[in-house]
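For reference, the structure is listed below as structure tokens.
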Amino acid sequence: MTRTALITGAGSGIGLEAARLLARDGITVVLVGRRQEELSKAEATIHAEGGTALAVAADITRVDDVTRVLDRVHAAFGPVDILVNNAGSASSVLDPQWLPHDEWRQVLDVNLTAVFQLTQAVLPDMLDRAGGTIVTVSSLAAVNPNLLGGAA
């Protein structure tokens with residue numbers, strides 16, 4: 001039985017490497033991120049390595065986009081077995097005194113709201129089969145909060 005993993009922030013860095021490793025283990029990977037060009041390159045890399053991948057550009061802070069991604073995954077591969085919440089965002093302004101409210105909201109939306117929305121969206125798949133894995137990647141700023149990690 002083929003398993004399916006949905007990975008956010010999959011166009012580069014940790015997300016891309018996680019996708020490559022999962023694909024090498026025979027898991028179908030769905031690459032999610034904002035930049036279609038980077039996702040398409042990642043998809044081609046995984047295909048060249050013998051894996052199965054689907055690139056889907058989306059704004060995971062939007063419920064409509066999360067629904068659209070899950071609909072595509074279900075239509076193409078069936079239920080989600082693994083969710084890797086890897087996408088993250090930091091503010092460009094580190095000092096909370098000068099941090100614009102819209103930038104504060106964007107950081108919280110990507111780092112918290114999107115994780116909640118994606119987790120909520122895949123839980124029915126996992127609960128129906130009494131199994132699944134959710135991995136949430138965090139920043140060292142969460143372990144050692146300081147102004148270098150930003151106000152949020």
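The values are calculated or read from the model by the stated rules, or taken from the named source; none is laboratory data. Predicted model only: the values in this text are computed from it and were never measured. Cβ atoms come from the backbone with ideal geometry, glycine included; neighbour counts cover every protein chain shown. Only protein heavy atoms, including side chains, enter the accessible area calculation; ligands, DNA and RNA are left aside. Shrake-Rupley method; radii C 1.70, N 1.55, O 1.52, S 1.80 Å.
When you scan segment 69-79, do you find a residue that is exposed (fewer than 13 other Cβ atoms within 10 Å of the Cβ), at pLDDT below 95 and among the hydrophobic types (A, V, I, L, M, F, W, C), even just one? The answer is no; no qualifying residue exists. Tell me whether segment 53-64 contains one or more residues that are more than 24 Å from Glu17 (Cβ to Cβ), crowded, with 17+ Cβ neighbours inside 10 Å, touching an Asp or Glu at 6+ places or on another chain (Cβ under 9 Å) and not aromatic (Phe, Trp, Tyr). Checking segment 53-64: not a single residue is more than 24 Å from Glu17 (Cβ to Cβ), crowded, with 17+ Cβ neighbours inside 10 Å, touching an Asp or Glu at 6+ places or on another chain (Cβ under 9 Å) and not aromatic (Phe, Trp, Tyr). Restricting attention to segment 112-145, the residues that are farther than 19 Å from Ala5 by Cβ, out of contact with any helix residue (DSSP H, G or I) (no Cβ under 8 Å at 6 or more places or on another chain) and hydroxyl-bearing (Ser, Thr, Tyr) total 1.
Starting from residues that are of a type in the set (D, E, K, R) and in a loop (DSSP other than H, G, I, E, B), keep the ones in segment 1-52 and report whichever is least open to solvent (accessible area, probe 1.4 Å). Top of the filtered list is Glu49.
Do we have Thr45 as more than 14 Å from Thr8 (Cα to Cα) and of a type in the set (Ser, Thr, Tyr) here?
Working: more than 14 Å from Thr8 (Cα to Cα): yes; of a type in the set (Ser, Thr, Tyr): yes.
Judged against the criteria, Thr45 is a match.
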